[in-house]
Amino acid sequence: MIEKRQFYINGAWVDPAQPSDLNVIDPSTEDPCAVISLGGQADTDAAVAAARAAFPTWMRTPVEERIALVEKLLEVYTARSEEMAQAISLEMGAPIDLARQAQVGAGAGHMKNFIRAAKDFEFIRPLGDHAPNDRIIHEPIGVCAMITPWNWPMNQITLKVIAAAIAGCTMVLKPSEESPLDAILFAEMIHEAGFPPGVFNLVNGDGAGVGSQLSSHVDVDMVSFTGSTRAGIQISKAAADTLKRVHLELGGKGANVIFDDADEKAVKRGVLHMMNNSGQSCNAPSRMLVQQSVYDQTVDAAAEIAKGIEVGSSHDEGRHIGPVVNETQWSKIQGLIQKGIDEGARLVAGGPGRPEGFNKGYYVRPTVFADVTNDMTIAREEIFGPVLSIIPFETEEDAIRIANDTPYGLTNYVQTQDGAKANRMAMNLRSGMVEMNGQGRGAGAPFGGMKQSGNGREGGVWGIEDFLEVKAVSGWTAE
């Protein structure tokens, strides 16, 4: 049993003010694999006080020095990447190969992108030729609370921590209590890289405890949260009393629009993308909208692809999908699969219960529903499991209407060989991101959504800007 009860506050590992043990469960086996302690108000206050005390000096630290520390952190992270992969795989169930390549790789990629963006970022810039003595100054917001999820832990931690550090903010991180081991390891790396005490602090806890304490804390200037829309609404309400800035990266119900001229790999690409990370991605293409003329063949192909996806332990190497994170999620997914059946969707792959050969572990059968209408529960709610809904459409206008008929607006996908049609779709889809024909967004592209998928953007220049205030200055003396 791994024991990690301490918190990282003001550059040191400290015991909780009051012990409150919580077992971390291995979702592949349902057995406890580690024990942490949940923090209380005293721990939260101590971490915020450390960040507040460190802020004036860190804010004035030359950006070149801040970038150099991130570069050192990247070296440490790379050297200890296998430790990180093992931690993520154990605590949240990502198969070890996925953990090594995508989960750990996301953290390294974001660090590289932020370093590149920071080196070209003008923290002090002219207003314009019409006002030669005016300057626009970008300065750090202050103390930032960061509340991160379990599904892509290093992806989300690095998107927040590295951007804030480069911007000159200090911070308190509350990782998900479902996946705390990777965050604890990350704190060790921060320490090894030589970040000054108080710049980065970590307190484990749950949303109702440390999460709400940070959201309402008078000495926290900003909350950056990734998680469910429900929790994002609660955080916004808690933060309102102190008028702190709130950045939210929330749920999604992405439409993957497949036209009749889509390339031959579009369906397979869409199904595998949906099932990746066991469907536990906010930007998953969970609604496959298919043009009527190719609908039947697409449904057949999607079903066969899903039936060929293997499910297995996160500890085994291979290209299978692992379990979902915990019993609560497993039960929720099972209920939604049954809801799809009850509401009349046609089950063409998977279904309720564990895959054949499993009687333990939070494994879900890769599931595909056809003949879904956009008013069904499985088309409205974020399932966060390996469940795909296929919806027919007739025309381009029909596809846009269905795709936009959702409270969410994170990522949509378009599959067509008609470039003009693809561009029209991109312009009309109401989402923060649109990916076309399997082409991923470029390094440093902003990540974020519209509507109930949140606000703000993470990654690259936009991610750094999210942690900065803008100050307008007149009468600047040129040096």
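We did not get these values from a lab; they are worked out from the coordinates using the rules stated. Only a predicted model underlies this, so the values are computations on that prediction, with no experimental measurement involved. No Cβ is skipped: glycine too gets one built from the backbone with ideal geometry, and neighbour counts run over all protein chains shown.
Numerical summary
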{"quantity": "Long-range tail of P(r) for region 255-441 (Cα pairs > 21 Å, %)", "calculated": "46"}
{"quantity": "In region 11-81, GluC sites (Glu not before Pro) in a DSSP loop with at most 14 other beta-carbon atoms within 10 Å", "calculated": "GLU30"}
{"quantity": "Ellipsoid equivalent to the chain - semi-axes via the Cα gyration tensor, in Å", "calculated": "38, 28, 19"}
{"quantity": "Summed side-chain charge close to ARG100 - residues other than ARG100 whose Cβ falls under 10 Å, Lys, Arg +1, Asp, Glu -1", "calculated": "-3"}
{"quantity": "Antiparallel bridge percentage (DSSP; both residues within region 255-441; nearest 5)", "calculated": "15"}
{"quantity": "Extreme residue, positive dipole direction of the chain, given options GLY459, THR170, ALA478 (C-beta unit charges)", "calculated": "ALA478"}
{"quantity": "Cα shape, region 7-101, gyration tensor, a/c 1.5 rule", "calculated": "oblate"}
{"quantity": "Ranked SER179, SER212, SER453, criterion: other C-beta atoms within 10 Å, fewest first", "calculated": "SER212, SER179, SER453"}
{"quantity": "Pairwise label distance in nanometres, ILE137 with GLU264, each label 7 Å out on the Cα-Cβ vector", "calculated": "6.2"}
{"quantity": "DSSP H segments from the chain that extend 20 Å or more along their own axis, Cα-based, with Kyte-Doolittle mean of 0.5 or above", "calculated": "153-167"}
{"quantity": "Charge tally in the Cβ shell below 15 Å around ARG80, where Lys, Arg are +1 and Asp, Glu are -1, ARG80 excluded", "calculated": "-4"}
{"quantity": "Separation of the ARG230 and SER293 label points, Cα + 7 Å toward Cβ, nm", "calculated": "4.3"}
{"quantity": "Cβ-placed point charges (K, R +1; D, E -1), dipole of the chain about Cα centre in debye, nearest 20", "calculated": "560"}
{"quantity": "Segments 258-266, 215-223 sorted - mean Cβ within 10 Å per residue, highest first", "calculated": "215-223, 258-266"}
{"quantity": "Cα centroid separation - region 21-60 against region 127-169, whole Å", "calculated": "22"}
{"quantity": "Antiparallel %, DSSP beta bridges [both residues in the chain], to 5", "calculated": "40"}
{"quantity": "Estimated dipole of region 255-441 in Debye, rounded to 20 [Cβ of Lys and Arg +1, of Asp and Glu -1, Cα centre]", "calculated": "540"}
{"quantity": "Mean Cβ neighbour count within 10 Å, used as a protection proxy, ranking 432-438, 117-123, 83-89 highest first", "calculated": "83-89, 432-438, 117-123"}
